[in-house]
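A.B. asks: This is the structure I want to talk about, given as structure tokens.
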Amino acid sequence: MRAADEFVGPVGYSGPLTWLPIALVACVIAYYVWALTHREPVEEDSDHRPFKNPVDTAKAKRLADIDRIDNAVRLGRMPVRIAFQQLSVALRGFVGDVTGLPARSMTAGELREATDSRVADAIEAMYTPEFAPDDALAEDFERSVRGARELVRTWT
């Protein structure tokens, strides 16, 4: 029988080809062990909430801006007229952040129609002093700062 003489048994793998898949699997396992043990620690929020409300983030940012502007005026580093302008920018920026409206370029009338009327009232209260001379503006400025802080704090 000629066919039986031509039959050849299975060929065995050489040493390196046997160890290659084992080494690859060991490398993958080592990578996962390393990746799981060398993770950066996750900073927990002060409220221990995994999700931060974007409105709360915008509130904190704009309240810090208002405090910065108020402190600059109190320390005499910023003229009151410039402070009114920056306060208006901060308030408009807050409204834009939380509503998605282009509040920076909207008139007081447009703000009144599109948002809470308190926004337009606060912006309108800043218009006259913003363009007035620096004389006797301290009281108007303090009232505007209080109004801006209250608006940002109570926004829902």
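A.B. asks: Going by what's in this entry, would G109 be described as loosely packed, with under 14 Cβ neighbours inside 10 Å, over 27 Å from the mean Cα position of the chain (by Cα) and without any contact (Cβ under 8 Å) to a residue 24 or more places away in the chain?
C.D. replies: yes
A.B. asks: Could you please let me know if V95 is over 24 Å from Y127 (Cβ atoms) and either of a type in the set (V, I, T) or in a loop (DSSP other than H, G, I, E, B) (or both)?
C.D. replies: No.
A.B. asks: Right, something else. Has region 50-58 got any residue that is surrounded by fewer than 11 Cβ atoms within 10 Å (Cβ to Cβ), of a type in the set (S, T, N, Q), modelled with pLDDT under 90 and assigned to a helix (DSSP H, G or I)?
C.D. replies: So far as region 50-58 goes, no, none of its residues is surrounded by fewer than 11 Cβ atoms within 10 Å (Cβ to Cβ), of a type in the set (S, T, N, Q), modelled with pLDDT under 90 and assigned to a helix (DSSP H, G or I).
A.B. asks: Something else about it: Condition check: at pLDDT 90 or above and either among the hydroxyl-bearing types (S, T, Y) or not in a helix (DSSP H, G or I) (or both). Does R62 satisfy that?
C.D. replies: No.
A.B. asks: Then there is this: Scanning region 132-145 for residues that are more than 11 Å from I66 (Cα to Cα) and of a type in the set (G, A, S), which turns out modelled with the highest pLDDT?
C.D. replies: A138
A.B. asks: Something else now. Within region 71-79, is there a residue that is at pLDDT below 85, in a loop (DSSP other than H, G, I, E, B) and not β-branched (V, I, T)?
C.D. replies: Checked against the condition, which is being at pLDDT below 85, in a loop (DSSP other than H, G, I, E, B) and not β-branched (V, I, T), region 71-79 yields no hits at all.
A.B. asks: When you check A148 against the structure, is it crowded, with 19+ Cβ neighbours inside 10 Å, in contact with a Gly (Cβ under 8 Å, 6 or more places away or on another chain), modelled with pLDDT of 85 or more and of a type in the set (G, A, S), yes or no?
C.D. replies: Taking the combined requirement at face value, the residue does not satisfy it.
The values are calculated or read from the model by the stated rules, or taken from the named source; none is laboratory data. For clarity, every value in this text was computed on a predicted model and none was experimentally measured. Virtual Cβ from ideal backbone geometry, glycine too; neighbours counted across all protein chains shown.
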